[in-house]
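Novice: Dropping the structure in here first, questions after.
The values are calculated or read from the model by the stated rules, or taken from the named source; none is laboratory data. Just so it is clear, the structure is predicted and the values come from calculations on it, not from any experiment. Positions of Cβ are generated from backbone atoms using ideal geometry, with glycine treated the same way; all protein chains shown enter the neighbour counts.
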Amino acid sequence: MDGDYLHANVQFDREAQKEYFIPIRISDSGVPRQSAVSILHLVIGDVNDNAMSEGSSRIFIYNYKGEAPETDIGRVFVDDLDDWDLDDKYFEWKDLPHDQFRLNPSTGMITMLVHTAEGEYDLSFVVTEDSMFVPRHSVDAYVTVVVRELPEEAVDKSGSIRFINVTKEEFISVPRDFQSPDALSLKDRLQLSLSKLFNTSVSNVDVFTVLQNENHTLDVRFSAHGSPYYAPEKLNGIVAQNQQRLENELDLQMLMVNIDECLIEKFKCEESCTNELHKSSVPYMIYSNTTSFVGVNAFVQAQCVCEAPLMRRCLNGGSPRYGENDVCDCIDGFTGPHCELVSVAFYGSGYAFYEPIAACNNTKISLEITPQIDQGLIMYLGPLNFNPLLAISDFLALELDNGYPVLTVD
């Protein structure tokens, strides 16, 4: 360091280390003297002085409702220590071009065309490199593309988790130290863990949304089904009950199970607050070297209103009455306006998960109970686990104590 100039004492090699973070103390001449440390981010430039070798990669695509437009899904990968050498490469199909995908010969970007059917596609390419320091040479590159169509019901009935201290690229990629046929990404490990929790096959679980937030949190949405899709209350409830187990298996921390933008009082809205799920047929892309992920762009936003529940279709085998709006003919035992089951019995150890109640300025909850014991928890609204990362402890509990109802609110 010479005054305000930083000089290099050695020759750098980007292949050895790509970047440095250098702390520099800066002081003024005031009385008293003030000092602070500033971090200088130094990026080492690259010279294309290494030959490439054959590479393979995998791209997983969720096609929401089969409506994805033409979509850039990832770049052809070859193994190369240099990473600023795209201008020295040329990409072409090894055999005939595939009728469902398009290749950009200059960038190696693969584009999925509209109406691409669900399935697995094996694509083969030839990549040619020629630079001042590397003689002209060509290698093969292989890309496996998996396309899976996702129905709207899967998104509407999805559970959600907000993770901290992980990037979207880290979540979808297999670490280079674990590149083996059996190695799994964090996304795949989560899918496997969820299948065990929900007692269903891995193929019945979809982790379809991975979105990075500005505050360095990562939002993940997932669904599971036997037949039909499981309710989000069930998914989120089971995950919350097993949060510590999942965190240990993934070596990740969860900030929130069931992403709720209304959770922190008066943060987004002064009074009433409702979570609204936004969905788009335009996919969300995450690119990495050997793994790319094209997911569903679905996220929750806070709306500062208290909306009444939307009209639902007739449930539990009911059918709409001809010529009358929002009137259902229901089978015996289902007496709700949309053929809901309006009563339930518990025998000692049973419980039920219900949809969370919106944070309305004025909320009315009505229920009728016919207890046969004089002690027990009737209803609870609030966190299932203590989370030191999220200092929220608001809850409501309705209990039966010696035959008398007791309401506790924090």
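Novice: Which of (1) within 36 Å of the chain's Cα centre (by Cα); (2) farther than 30 Å from residue 153 by Cα; (3) in a strand (DSSP E or B) does residue 24 not meet, given it meets every other one?
Specialist: Answer for residue 24: the failing condition is (1).
Novice: Taking the condition surrounded by 15 or more Cβ atoms within 10 Å (Cβ to Cβ), in the same structural domain as residue 158 (by the TED database), closer than 23 Å to residue 261 by Cα and not aliphatic (A, V, I, L, M), does residue 243 pass?
Specialist: Here the answer is yes, as residue 243 does meet what is asked.
Novice: Can you work out which of the residues in segment 184-219 that are in contact (Cβ under 8 Å) with a residue 12 or more places away in the chain and among the basic types (Lys, Arg) is surrounded by the most Cβ atoms within 10 Å (Cβ to Cβ)?
Specialist: Ranking the candidates gives 187 first.
Novice: For segment 98-214, please list each of the helices (runs of 4 or more DSSP H) lying entirely inside it that holds at least 3 residues being acidic (Asp, Glu) and in contact with a His (Cβ under 7 Å, 6 or more places away or on another chain).
Specialist: none
Novice: With the checklist (1) touching a His at 6+ places or on another chain (Cβ under 7 Å); (2) surrounded by 15 or more Cβ atoms within 10 Å (Cβ to Cβ); (3) not in a loop (DSSP other than H, G, I, E, B) in hand, flag the one item residue 51 doesn't pass.
Specialist: The failed condition is (3).
Novice: Any idea which of (1) touching a Ser or Thr at 6+ places or on another chain (Cβ under 8 Å); (2) exposed (fewer than 15 other Cβ atoms within 10 Å of the Cβ); (3) within 23 Å of residue 399 (Cα to Cα) is the one residue 361 doesn't satisfy?
Specialist: Of (1) touching a Ser or Thr at 6+ places or on another chain (Cβ under 8 Å); (2) exposed (fewer than 15 other Cβ atoms within 10 Å of the Cβ); (3) within 23 Å of residue 399 (Cα to Cα), only one is false for residue 361: (3).
Novice: Moving on to the next point. Restrict the check to segment 28-43 and report whether at least one residue is out of contact with any strand residue (DSSP E or B) (no Cβ under 6 Å at 6 or more places or on another chain), at pLDDT 90 or above, outside any strand (DSSP E or B) and under 30 Å from residue 141 (Cα atoms).
Specialist: no
Novice: Conditions first: (1) touching a residue at least 40 places away in the same chain (Cβ under 8 Å); (2) over 26 Å from residue 286 (Cα atoms); (3) among the aromatic types (Phe, Trp, Tyr). Residue 222 passes all but one, so which condition is the exception?
Specialist: (2)
Novice: Residue 380 passes all but one of (1) surrounded by 12 or more Cβ atoms within 10 Å (Cβ to Cβ); (2) under 18 Å from residue 237 (Cβ atoms); (3) modelled with pLDDT under 90; which number fails?
Specialist: Unmet condition: (3).
Novice: Does at least one position in segment 101-112 carry a residue that is crowded, with 17+ Cβ neighbours inside 10 Å, at pLDDT 95 or above and of a type in the set (S, T, N, Q)?
Specialist: no
Novice: Follow-up question, since we're still on this one. Out of all the residues in segment 231-242, is one or more assigned to a strand (DSSP E or B) and either closer than 21 Å to residue 66 by Cα or of a type in the set (Asp, Glu) (or both)?
Specialist: The answer is no; no qualifying residue exists.
Novice: If you check every pair at least six apart or on different chains, which have Cβ atoms under 6 Å apart with a residue in segment 65-77 that is surrounded by fewer than 15 Cβ atoms within 10 Å (Cβ to Cβ) and at pLDDT below 95 first and a residue that is assigned to a strand (DSSP E or B) and basic (Lys, Arg) second?
Specialist: none
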